[in-house]
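One structure is given here, and the rest of the page talks about it.
The values are calculated or read from the model by the stated rules, or taken from the named source; none is laboratory data. This one's a predicted model, so the numbers in the text were calculated from it and none came from an experiment. Positions of Cβ are generated from backbone atoms using ideal geometry, with glycine treated the same way; all protein chains shown enter the neighbour counts.
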Amino acid sequence: MDSHSSHLNAANRSRNSQTPSPSHSASASASVSSSLHKRKLAATTAANAAASEDHPPPSASFPPSSNDDLESISARGANSESDPEESEDAVVDDDEEDFAPEPDQDSSIRTFTAARLDPSSGANGSSRNTKIKTEISTVKLEAGTGTAGVSSVSGIVPKDESAKISTDDDVQNCGAYIAREEALRREEAANRLKFVCYSNDCVDEHMMCLIGLKNIFARQLPNMPKEYIVRLLMDRKHKSVMVVRPPAGGNGITHVVGGITYRPYHSQRFGEIAFCAITADEQVKGYGTRLMNHLKEHARNVDGLTHFLTYADNNAVGYFVKQGFTKEIYLEKDVWHGFIKDYDGGLLMECKIDPKLPYTNLSKMIRQQRKAIDERIRELSNCQNVYQVAEFQKKEGGSPKKIRVEDIPGLRDAGWTPDQWGHTRYKLFSGSGDSVTKQKQLNALIRVLLKTMQDHSDAWPFKEPVDPLDVPDYYEIIKDPIDLKTIGKRVESEQYYVTLDMFVADARRMFNNCRTYNSPDTIYYKCATRLETHFHSKVQAALQSGAKSQ
Ligand code: COA
């Protein structure tokens, strides 16, 4: 079988966690005041109190949370020692239950608890490392009220025109990237999906979404201290771009699918991505990519950023690479050094935000480019003409109908002339000998070449046709499949391959199919490349020895 979906793996890969980044470990562990089984009701975090100049000061009431969730949050003032701009720490006292399973999020948010900040808390340095006293009140949010506060990310509100996206292209024609992006755009246009950017601003709906996102981070980044997640998420210098599902019909709970929390350093014009995750059952469906595209557009248009930096752990590097992040840091060190700290456990990656790219409508741009290239190809070639060949597949008296090469539709249009019959770019045998003898020599050679492939240690993925039960989407993507067994049958017929070119073309298609379906890091892809190298060396050797013997 020459197939292996990278997506099948991706779910596993993407479950991995991220380790705290630079200032993380120190400040996070320092801020933990964990008392297991003891739930404290949250006060607005000291991060609120230490809100950046960019944000309004916290209001007195701490907005809603899921019943479990905000109960788990307590706060105390604690300046991050690592960051001159860092706001104060929020602290979580929680046990495992504090992070309710994501699917329960909807129901758990209905009834939430609000806490009021002790007015004296956290607003100044004197509150550092001091638990904020809280006054607790329980607030019920009626179904439907939750939608009011949801606003789309500035500048990235889907326009009505997005509903007009054509639907007639399948993955084969437009590629998986466009197919996924456009499917999600349609969801946005139908208001079943929204991309929003919230920070800790004490708006009920925003806070509920932040809590939902916190739950996702806590599950998807298990190595990240939960206290640290809360601290950054609620830090008013951080923003979170989220993908959410608004409640159907406007009534109910906004469901958070995933998000990215980042901190924009406006003066430096770069942003640091702190966390990024999609809820477990929605991963590898394109949300992560679309989220990153929305983030880039928002960061460029609203924050004025030109770059993103992030510390990625090994498991996330692949995802970030696909989102345009590089391991090379081109940004001048002076720009970011001292703003984000060096970190041993992760790889610093950079992404330049293009000043013009329509990140949330890349598919349209790619389509236009593709169309322009297609038109140019049509000017130069007639390869777009498709001829009917059905009648050639008919059988006469049980055996395949004999066809004359010159009768094959389209062959002449492609420039073929009858004097080219039997022409091959491979000069195998001397001019002497009749056509029967030459065919026998050719068959003998092809058998040898086939055997060298079959016996090779990298041949195992190619020995049988791909089983659609094992790989359901294989034949949606690979329209012209071929494998060693099928090639073997054609060789056995001794009539199929009338030139060496035809045999080589089948082998080449087999390798190309494999590399089309599988990503370069898969064993299948590597087997294809190694076996192809081996095969071509054998073909070359056969041609050279044929040339010598003439
Ligand atoms: N490593 C390598 N590639 C990955 C990957 C990973 N961990 N996660 C996803 N990909 C690939 C996908 O296969 C896909 O590739 P393709 O375009 O060639 O098909 C591409 O990245 C984008 O996939 P997409 O479906 O848009 O991503 P997603 O919705 O699954 O979100 C994550 C990606 C990483 C955010 C998500 O998988 C996740 O939450 N993982 C757990 C938390 C985590 O590791 N976060 C990153 C560090 S903060």
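You will find that of Leu469, Leu531, the residue that is of a type in the set (A, V, I, L, M) and assigned to a helix (DSSP H, G or I) is Leu531 and no other.
Within 14 Å of the ligand (Cβ to nearest atom) and touching an Asp or Glu at 6+ places or on another chain (Cβ under 8 Å): is that true of Val257 in this structure? Judged against the criteria, Val257 is a match. The numbered conditions (1) among the polar types (S, T, N, Q); (2) crowded, with 20+ Cβ neighbours inside 10 Å; (3) within 9 Å of the ligand (Cβ to nearest atom); (4) under 17 Å from Glu188 (Cβ atoms) are all true for Gln220 except (4). Taken over region 303-313, residues that are within 9 Å of the ligand (Cβ to nearest atom) and among the polar types (S, T, N, Q) amount to 1. Filtering region 201-221 to residues that are more than 12 Å from Phe275 (Cα to Cα) and in a loop (DSSP other than H, G, I, E, B) leaves Asp201, Cys202, Val203.
Please verify whether region 275-291 includes one or more residues that are over 15 Å from the mean Cα position of the chain (by Cα) and either within 16 Å of the ligand (Cβ to nearest atom) or surrounded by fewer than 17 Cβ atoms within 10 Å (Cβ to Cβ) (or both). So far as region 275-291 goes, yes, one or more of its residues are over 15 Å from the mean Cα position of the chain (by Cα) and either within 16 Å of the ligand (Cβ to nearest atom) or surrounded by fewer than 17 Cβ atoms within 10 Å (Cβ to Cβ) (or both).
Table: residues versus (1) of a type outside the set (Asp, Glu); (2) assigned to a loop (DSSP other than H, G, I, E, B); (3) at pLDDT 80 or above.
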| position | (1), (2), (3) |
| --- | --- |
| Asp374 | no, no, yes |
| Arg378 | yes, no, yes |
| Ser430 | yes, yes, no |
| Gly433 | yes, yes, no |
| Arg447 | yes, no, yes |
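For region 223-231, the condition holds for at least one residue, the condition being that it is within 23 Å of the chain's Cα centre (by Cα) and surrounded by 21 or more Cβ atoms within 10 Å (Cβ to Cβ).
The single condition among (1) surrounded by fewer than 18 Cβ atoms within 10 Å (Cβ to Cβ); (2) within 12 Å of the ligand (Cβ to nearest atom) that Arg378 does not meet is (2).
Is there a residue being surrounded by 15 or more Cβ atoms within 10 Å (Cβ to Cβ) and within 11 Å of the ligand (Cβ to nearest atom) anywhere in region 292-302? The answer is yes, given that some residue of region 292-302 is surrounded by 15 or more Cβ atoms within 10 Å (Cβ to Cβ) and within 11 Å of the ligand (Cβ to nearest atom).
Could you name every one of the strands (runs of 3 or more DSSP E) located completely within region 263-360 that has at least 1 residues being among the acidic types (Asp, Glu), in the same structural domain as Val244 (by the TED database) and touching a residue at least 60 places away in the same chain (Cβ under 8 Å)?
Counting at least 1 such residues, we get 270-278.
Of the residues Met234, Met208, the single one that is touching a residue at least 60 places away in the same chain (Cβ under 8 Å), touching a Pro at 6+ places or on another chain (Cβ under 7 Å) and more than 13 Å from the ligand (Cβ to nearest atom) is Met208.
Just one of (1) surrounded by fewer than 11 Cβ atoms within 10 Å (Cβ to Cβ); (2) modelled with pLDDT of 95 or more; (3) closer than 22 Å to Val389 by Cα; (4) not basic (Lys, Arg) fails for Ile478. It is (1). So, of the residues in region 330-350 that are in contact with a helix residue (DSSP H, G or I) (Cβ under 8 Å, 6 or more places away or on another chain) and aliphatic (A, V, I, L, M), which turns out to be farthest from the ligand (Cβ to nearest atom)? Step by step, filter region 330-350, then rank; the result is Ile340.
Restricting Gln540, Gln495 to residues that are modelled with pLDDT under 95, part of a helix (DSSP H, G or I) and either closer than 15 Å to Lys463 by Cβ or not hydrophobic (A, V, I, L, M, F, W, C) (or both) narrows the list to Gln540. Of all the numbered requirements in (1) modelled with pLDDT of 95 or more; (2) buried (at least 21 other Cβ atoms within 10 Å of the Cβ); (3) under 25 Å from Cys202 (Cβ atoms), Phe320 misses one, and that requirement is (3). Taking region 247-273 as the region of interest, how many residues are modelled with pLDDT of 95 or more and not basic (Lys, Arg)? So the answer is 17. Of all residues in region 442-475, exactly one satisfies the criterion of being small (Gly, Ala, Ser) and surrounded by 13 or more Cβ atoms within 10 Å (Cβ to Cβ), namely Ala459.
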